[in-house]
Amino acid sequence: MVKVLGSLVRGPLEPHIAGFAEELVRRGYTQSSAGQHVCFVAYLDRWMSAEGIGLGELSGPVIDRYLEQRRAAGYVEYRSLKALRPLLDYLAPLGVLPVEEPDPPGPVEELLGRYHDYLVGERGLTASTARGYVDFVGRWVRAPSLRQRLFFKITGAESSPTPAL
């Protein structure tokens, strides 16, 4: 059991929590912010212990399940993958997380990749500016309900969408 910044950690994250706390401070987190983040990680650690999940099993679907349970429990902070990013970024170079094969890009991701290449190659945008455009457009392209509202008129009598005029 390790006590770091006021939080007790005694599960699968115990060997890494002190180094993680130091990394947060090194990155510019205040003691208070680092303490809050370590407290959040301590909750994850206890959840992993209760679920019988080792560090080598902390994959995307497991993280999603944890965050879903956290949201369902009514937590209003530290409920997204963004909140776990500092921990995952710290653990990844240590080689303790499972290596996940990226999913092959689907048609939407392929389209967005081609759009990015067009913005950089043809329009002369910087990669970071193009990424901003792609992220903005990607939210719209990935939302089927929004696509239907914009491009299809669906009536109660029709079972399939028809183009809106």
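For the residue pair Cys39 and Glu110, what label-to-label distance in nm results when each label sits 7 Å from Cα along the Cα-to-beta-carbon direction?
4.8 nm
Dipole of the stretch 2-94 (Lys/Arg Cβ +1, Asp/Glu Cβ -1, origin at the Cα centre): which of Leu87, Phe20, Ala72 lies farthest to the positive side?
The listed residue farthest towards the positive side: Ala72.
Within 14 Å, Cβ to Cβ, of Val62, how many net charges do the neighbouring residues add up to if Lys/Arg are +1 and Asp/Glu are -1?
Summing Lys/Arg as +1 and Asp/Glu as -1 gives -4.
How many nm is it between the label spots at Val120 and Arg46, if each spot is 7 Å from the Cα in line with the beta carbon?
About 4.5 nm separates the two model spin labels.
Average projected area of the Cα convex hull of the stretch 21-123, in nm²?
Mean shadow area of the hull around the Cα atoms is 9.4 nm².
Along Cα→Cβ, 7 Å out, is where each label goes; now give me the distance between the ones at Thr30 and Glu101 in nm to one decimal.
The answer from the label model is 4.7 nm.
Throughout, read-outs are computed from the coordinates displayed, never taken from laboratory work. Values in this document were obtained by computation on a predicted structure and should not be read as measured data. Because the Cβ atoms are built from the backbone with ideal geometry, glycine has one as well, and the counts that use them run over all protein chains shown.
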